[in-house]
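Colleague: Please see the structure below; I have some questions.
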Amino acid sequence: MNSSSGIKGKKSTWDVPASDMARNTFNPIRDIVDSMRIQPNPEKELIALSIGDPTVFGNLKPSENIVDAVVHAVKTGTANGYGPSVGYVEAREAVARAYSDANAPVEAKDVILTSGCSGAIELVISVLANPGQNCLIPRPGFSIYETIALSLGVGVRRYNLLPDKDWEADVSHMESLIDDNTAFIIVNDPSNPCGSVYSKEHLQDILAVAERNKLPIMSDEIYADFVFPGEKYYNLASLTTEVPILACGGLTKRYLCPGWRTGWIIVHDRNNVFDKEVRDGLLRLSQRILGPNTLVQAAMKNILEETPQHFFDKTIEVVKNNAHHCYNRIKDIPGLTPVMPRGAMYMMIGIDIDRFPDFKDDLDFTRQLISEQSVLCLPGQCFKYPNFFRVVLTLPQNRTEDACDRIAEYCKQHYITENGKVSD
Ligand SMILES: *Cc1c(COP(=O)(O)O)cnc(C)c1O
């Protein structure tokens, strides 16, 4: 049809389609955020509580030692060549030492370095499922699981997280979603967008579902140890001797360097379930990009072993103070119900949408919030959880306070009471 020359296989016109995989790749947040590109109120400076990047506000920066270590790697020129596709052994040893647990020991051979935690997630989904299979993901949840799975032809089934139970997973709902095509379960603790931190007992309940159904877990641990004072983070793998786990982590959030694109997979497999194929599969898949950036790998030992505790404490302090301020301010706003986080850097806030007749849904609510108050928040739809919105807790505190004041004013203007009265 496309050949006028009559020679088979030759085209006379340019027709270059994108692959099915490219066309099946989409980030659900993109469409929603595009539809939110509306004019903020010109009289009020924009406050973006929407960006999950702690570095953009200028108040949180990487520790000096880690910057120096990367500069050193650049200057000495020792890391300019290709590294092994799974990463330098010294860097993998450093990750193994940092994340080894008495109950879940890790060695360098169990670590694969990746391009960001997203790179780790992509490798894990790719190695555990074929097109036509499915995986279980949390709702509300981080959108990249779906973006990657669907592009690979792997289906997603969403298990509910329960706001009234501090966002614990509904484990019976989770189990009810499993069928013969289910390949693995994704767990994200501490959670984006919820800021929840699961108890040991709850993690054991999730592990029990995996064990009963003989399903491995992909554990997204990008917020490992990123918990408020008094809270305890449990490494999922330390709570099981049976369930094989591929843990995805990285420097991104806790070390405040998202752009450095440094993540890892840690293979926890006490019973050698992954020895048969999965370890080899991960090795093969790592060869597709010939390994991640070497400069940060060269600095990895310093980053993981020399970063002072007060650096982490400071970040947590900022997030916790913002969380307390936001929670206390917003819980008194009629029509809104915040759920107090225990870690990570976000809070979800419920909208009693029937009390706001001016707004159709959470998207409408957050759109108008931009045009009236110049405050940007992500609607719950971005996380497949309507009638909520997410706020980021890494801004300087005075910005957070201003944003809360504006949200209060906004709600006051649009809220009606149960018998239809406008609040005064
Ligand atoms: C930020 C984030 C990631 C991605 O981290 P990168 O290292 O930037 O790829 C993965 N999972 C969750 C839950 C996140 O919030």
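The values are calculated or read from the model by the stated rules, or taken from the named source; none is laboratory data. Worth saying up front: this structure is predicted, and the values here are computed from it rather than measured. Please note: Cβ atoms are built from the backbone with ideal geometry, for glycine as well, and neighbour counts cover all protein chains shown. For the accessible areas, the whole protein counts, side chains as well, though only heavy atoms, and no ligand, DNA or RNA atoms are used. Shrake-Rupley method; radii C 1.70, N 1.55, O 1.52, S 1.80 Å.
Colleague: Total Lys pairs in the stretch 64-306 closer than 21 Å by alpha-carbon, pairs eight or more apart in sequence or interchain only?
Modeller: 10
Colleague: Which of the lysines could a cross-linker bridge to Lys412, judged by Cα under 24 Å and excluding same-chain residues fewer than eight apart?
Modeller: In chain and number order, the partners are Lys44, Lys331, Lys360, Lys421.
Colleague: As I understand it, the dipole of the stretch 186-333 uses +1 on the Cβ of Lys and Arg and -1 on the Cβ of Asp and Glu, about the Cα centre. Which of Gln309, Leu290, Pro216 lies farthest toward its positive end?
Modeller: Selected residue: Leu290.
Colleague: Continuing with the same structure: Can you list the HN-Hα couplings for the stretch 287-296, worked out from phi with the Karplus curve (6.51, -1.76, 1.60; θ = phi - 60°), rounded to whole Hz and with x for Gly and Pro?
Modeller: Computed from phi, the couplings for the stretch 287-296 are 6, 5, 10, 6, x, x, 2, 7, 5, 6 Hz.
Colleague: Shifting gears a bit: Which of rounded, prolate, oblate describes the stretch 95-140, given a ≥ b ≥ c as roots of the alpha-carbon gyration tensor eigenvalues and a/c under 1.5 marking rounded, otherwise prolate only if a/b is larger than b/c? Display every interim value, and only then the final one.
Modeller: On the way: a/c = 2.17, a/b = 1.86, b/c = 1.17.
Note, shape of the stretch 95-140 comes out prolate.
Colleague: Step through the residues of the stretch 184-192 one at a time and calculate ³J(HN,Hα) from phi using the Karplus curve (6.51 cos²θ - 1.76 cosθ + 1.60, θ = phi - 60°), rounding each to whole Hz and writing x for Gly and Pro.
Modeller: Running phi through 6.51 cos²θ - 1.76 cosθ + 1.60 with θ = phi - 60° gives 5, 10, 9, 10, 10, 9, x, 9, 9 Hz.
Colleague: For Glu168, what residues show an amide H to amide H distance below 5 Å, using hydrogens built from the backbone and excluding near sequence neighbours?
Modeller: Leu162
Colleague: Also, I was wondering about something else. Taking amide H positions as placed 1.01 Å from N in the peptide plane, with prolines and chain starts having none, which residues 5 or more places from Gln133, or on another chain, fall under 5 Å of its amide H?
Modeller: Gly155
Colleague: What is the stretch 38-133 by shape, rounded, prolate or oblate, if you read a ≥ b ≥ c off the alpha carbon gyration tensor as root eigenvalues and call it rounded for a/c under 1.5, prolate for a/b larger than b/c, and oblate otherwise?
Modeller: Because a/c hits 1.5 or more and a/b fails to exceed b/c, the stretch 38-133 counts as oblate.
Colleague: Could you compute the net charge surrounding Leu207? Neighbours are other residues with a C-beta less than 13 Å from the C-beta of Leu207; K and R count +1, D and E count -1.
Modeller: Working: positive: Lys200, Arg212, Lys214, Arg270; negative: Glu175, Asp189, Glu201, Asp205, Glu211, Glu242.
Within the 13 Å Cβ shell, the charges total -2.
Colleague: Okay, moving on. Need the C-alpha centroid separation for the stretch 273-314 versus the stretch 147-201, integer Å.
Modeller: 25
Colleague: Taking trypsin sites (Lys or Arg not before Pro) as exposed when DSSP calls them loop (any state but H, G, I, E, B) and at most 15 other Cβ atoms lie within 10 Å, what is the longest stretch of the chain free of them, the sites themselves excluded?
Modeller: Between the exposed loop sites, the longest stretch runs 45-213.
Colleague: Counting only protein heavy atoms and using a 1.4 Å probe, what share of the accessible area of the chain belongs to carbon plus sulfur, as a whole percent?
Modeller: 49
Colleague: GluC sites (Glu not before Pro), restricted to the stretch 43-138: which are DSSP loop and have at most 10 other Cβ atoms within 10 Å?
Modeller: Those that pass, being in a loop and sparsely packed, are Glu43, Glu45.
Colleague: Just to confirm a number: summing +1 for Lys and Arg and -1 for Asp and Glu over residues other than Gly52 whose beta-carbon lies under 12 angstrom from that of Gly52, what do you get?
Modeller: Working: positive: Lys253, Arg390; negative: Asp53.
Once positives and negatives cancel, what remains is +1.
Colleague: How much mean residue ellipticity at 222 nm does the chain get from its helices, if each DSSP H run of length 4 or more adds -39500 (n - 2.57) and you divide by all residues, to the nearest 500 deg cm²/dmol? Kindly include the intermediate steps, with their values, before the conclusion.
Modeller: Details: 13 runs with 151 residues, N = 424.
Here the helix-only value at 222 nm equals -11000 deg cm²/dmol.
Colleague: How large is the Kirkwood hydrodynamic radius of the stretch 140-262, counting all unique pairs of alpha carbons, in Å?
Modeller: 15.2
Colleague: In addition: List the chymotrypsin sites (Phe, Trp or Tyr not before Pro) in the stretch 39-88 that DSSP assigns to loop (not H, G, I, E or B) and whose Cβ has at most 13 other Cβ atoms within 10 Å. Which are they? Walk me through the numbers before you get to the answer.
Modeller: Working: sites: Phe57, Tyr82, Tyr88; in loops: Phe57, Tyr82, Tyr88.
In loop regions of the stretch 39-88 (DSSP not H, G, I, E or B), the sparsely surrounded chymotrypsin sites (Phe, Trp or Tyr not before Pro) are Tyr82.
Colleague: Below 8 Å between Cα atoms, with a sequence gap of 6+, how large is the relative contact order for the chain in percent?
Modeller: Once divided by the residue count of the chain, the mean separation gives 22 percent.
Colleague: Now, a different point. For the stretch 98-175, take N as its residue count and report Rg(C-alpha) divided by 2.2 N^0.38 Å. Each step should come with its number before you reach the end.
Modeller: Numbers: Rg = 15.0 Å, N = 78, 2.2 N^0.38 = 11.5 Å.
Expressed relative to 2.2 N^0.38 Å, the Cα Rg reads 1.31.
Colleague: Related question: Determine which aspartates and glutamates satisfy two conditions relative to Lys61: a Cα distance under 17 Å, and not lying fewer than 8 residues away in the same chain.
Modeller: Counting by Cα, and skipping residues close in sequence, Lys61 has these aspartates and glutamates nearby: Asp53, Glu306, Asp313, Glu317.
Colleague: Would you please classify the overall shape of the stretch 210-291 from the alpha carbon gyration tensor, given that a ≥ b ≥ c denote the square roots of the eigenvalues, rounded means a/c under 1.5, and beyond that prolate means a/b larger than b/c while oblate covers the rest?
Modeller: It is oblate, given that a/c is not under 1.5 and a/b is not larger than b/c.
Colleague: Right, something else. Starting from the amide H of Arg158, placed 1.01 Å from N in the peptide plane, find each other amide H under 5 Å away whose residue is 5 or more places distant or on another chain.
Modeller: Placed amide hydrogens put Ile137 under 5 Å from Arg158.
Colleague: Also, quick follow-up: If the viscosity is 0.890 mPa s and the temperature 25 °C, what Stokes-Einstein diffusion coefficient in µm²/s follows for the stretch 64-306 when Rh is the Kirkwood radius over Cα pairs?
Modeller: Answer, rounded: 135 µm²/s.
Colleague: Shifting gears a bit: Starting from the Kirkwood radius over alpha-carbon pairs of the chain, derive D by Stokes-Einstein at 37 °C in a medium of 0.692 mPa s and give it in µm² s⁻¹.
Modeller: 142
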